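Student: Here it is, the structure in full.
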Amino acid sequence: MKAARRLASLEAYPFAVLEEKVAALRAEGRDVIDLGVGSPKQPVPEFVRATLKEAVDRRAETGYPTYEGNLQFRRACADYLQRRFGLRLDPDENITACIGSKEMVFHLPMAFLDDGEIALLPTPGYSPYWRGATLCGGRYHLMPLRAENDWLPDFESLPEEVVDRAAYVVVNYPNNPTGACADIDFYRRLAAWARARDILLVSDEAYVDVYFDEPAPSALQTGVDGTVAIFSLSKRSAMANYRIGFAAGDPDAIAAMRKLKTNIDAGPPDFVQDAAAAALGDERHTAALRGSWRRAAAALTDGLRRAGVDARMPEGTFYVWAPTPDGSGVDFALRLLQTCGVVAMPGEWLCAPGDDSGAGRVRFALVESEERVMEAAERISTAGAELA
């Protein structure tokens, strides 16, 4: 038996590689603080768990869920979008559920990429953007994110021959891994550019409620025509294990996503949708999470600076994107792990194949408790010269 060539062509998933190294150290009895993988470990709010438990019993005799999500959930999504962004979207035409935003992001090329067409993708970033294209035999062109451009893609300088073949462009703000935010002017420029060229704008807004200054905008505030935004409950409500999210925007794009999903899955469980609807209706728990991540980011940034690392406070997300003293994210991450027992993700591992825009940086995911992140900050500041 052999695996398909398309699967064999993929490099090892970096998160899995890092988890193996962490497991080996823990087997030796080391106390490891894992800030590598962006999987929130904060408890799911009690009212969300209570809603889930009640819904399991209430829906005991239901069959498969609906592909696009039940109407109650889609209405909760529409209410959230109106309250948060001032948008008025039709739950039937403009919204569809997904089994976590990763599923929807990964399947974008299957829905929108024809032979010979190109996806425009940011790097460093979320690997399902390019892995999804690779596994469906599609092509992509990378848009490197660099500090000198405030971690925004320079879409206006893309080669004309690439733009002419582009089917969709993906952006992600607040941004993983850089922690940068985009303002509404950026979205207006990008949306106008994309619409003029009949390129679908896909905005991955998984972290849109994790901001530390002004509330982060949505690309949908520039209009829904030719635009889709993808949302996740994993970050705003710590519901990563529930696998629930939704996409909203252009009705034709939403219809295409729904058509694809009818051939792939049967939709997220209704009782999970009920819990997610409750979470979308409450902002207090999200504000509390945001405050906790702000304090954790400030503590870790301070610890890195005391160790001689020129780290900057993120504008959003729960990531700290820090430069390394020796210019190698991999070497620094390994030294950090051995010296401090703290896991960070090398920036090189967050880049698409052939790209080096994340080189010389590491990403810290503030997914442990505040106390553990503060302990990590203290370990790093104490190590100081050993990390230089």
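The values are calculated or read from the model by the stated rules, or taken from the named source; none is laboratory data. Computed from a prediction, not measured in an experiment: that's the story for all the values here. Counting neighbours? That spans all protein chains shown, and the Cβs are built from the backbone with ideal geometry, glycine included.
Student: Go through (1) assigned to a helix (DSSP H, G or I); (2) crowded, with 20+ Cβ neighbours inside 10 Å; (3) not polar (S, T, N, Q) for His285 and report which single condition fails.
Tutor: Going through the list (1) assigned to a helix (DSSP H, G or I); (2) crowded, with 20+ Cβ neighbours inside 10 Å; (3) not polar (S, T, N, Q), His285 breaks only (2).
Student: Right, here's the next one. If you go through the stretch 288-311, how many residues are more than 13 Å from Ala376 (Cβ to Cβ) and in contact with a helix residue (DSSP H, G or I) (Cβ under 7 Å, 6 or more places away or on another chain)?
Tutor: 3
Student: Turning to a different aspect of this structure: Are there any pairs, at least 6 apart or on different chains, whose C-beta atoms fall under 8 Å, with the first in the stretch 358-369 and polar (S, T, N, Q) and the second at pLDDT below 95, and if so, which?
Tutor: Short answer, once both residue conditions are applied: Ser369/Lys41; Ser369/Gln42.
Student: Please state which one of Gly125, Gly69 is within 17 Å of Ala278 (Cα to Cα), crowded, with 23+ Cβ neighbours inside 10 Å and either touching a residue at least 60 places away in the same chain (Cβ under 8 Å) or under 20 Å from the mean Cα position of the chain (by Cα) (or both).
Tutor: Every option except Gly69 fails the conditions.
Student: If you don't mind, there's one more thing I want to ask. In the stretch 358-369, how many residues are surrounded by fewer than 24 Cβ atoms within 10 Å (Cβ to Cβ) and touching a helix residue (DSSP H, G or I) at 6+ places or on another chain (Cβ under 8 Å)?
Tutor: Of the residues in that region, 3 qualify.
Student: Look through the stretch 102-116, keep the residues that are charged (D, E, K, R) and crowded, with 16+ Cβ neighbours inside 10 Å, and return whichever of them is nearest to the chain's Cα centre (by Cα).
Tutor: Top of the filtered list is Lys102.
Student: Can you name every residue in the stretch 289-309 that is over 20 Å from the mean Cα position of the chain (by Cα) and among the aliphatic types (A, V, I, L, M)?
Tutor: Residues satisfying the conditions are Ala298, Ala299, Leu300, Leu304, Ala307, Val309.
Student: In this structure, does Arg165 turn out to be assigned by TED's automatic domain parsing to the domain that holds Arg83, more than 12 Å from the chain's Cα centre (by Cα) and of a type in the set (D, E, K, R)?
Tutor: Answer is yes for this residue.
Student: Here's something else I'd like to know. Exactly one condition in (1) within 19 Å of Ser203 (Cβ to Cβ); (2) out of contact with any Gly (no Cβ under 6 Å at 6 or more places or on another chain); (3) of a type in the set (A, V, I, L, M, F, W, C) is not met by Phe73; state its number.
Tutor: Of (1) within 19 Å of Ser203 (Cβ to Cβ); (2) out of contact with any Gly (no Cβ under 6 Å at 6 or more places or on another chain); (3) of a type in the set (A, V, I, L, M, F, W, C), only one is false for Phe73: (1).
Student: Another question, then. Name the single residue that is surrounded by the fewest Cβ atoms within 10 Å (Cβ to Cβ) among those in the stretch 223-278 being of a type in the set (S, T, N, Q) and more than 21 Å from the chain's Cα centre (by Cα).
Tutor: Asn263
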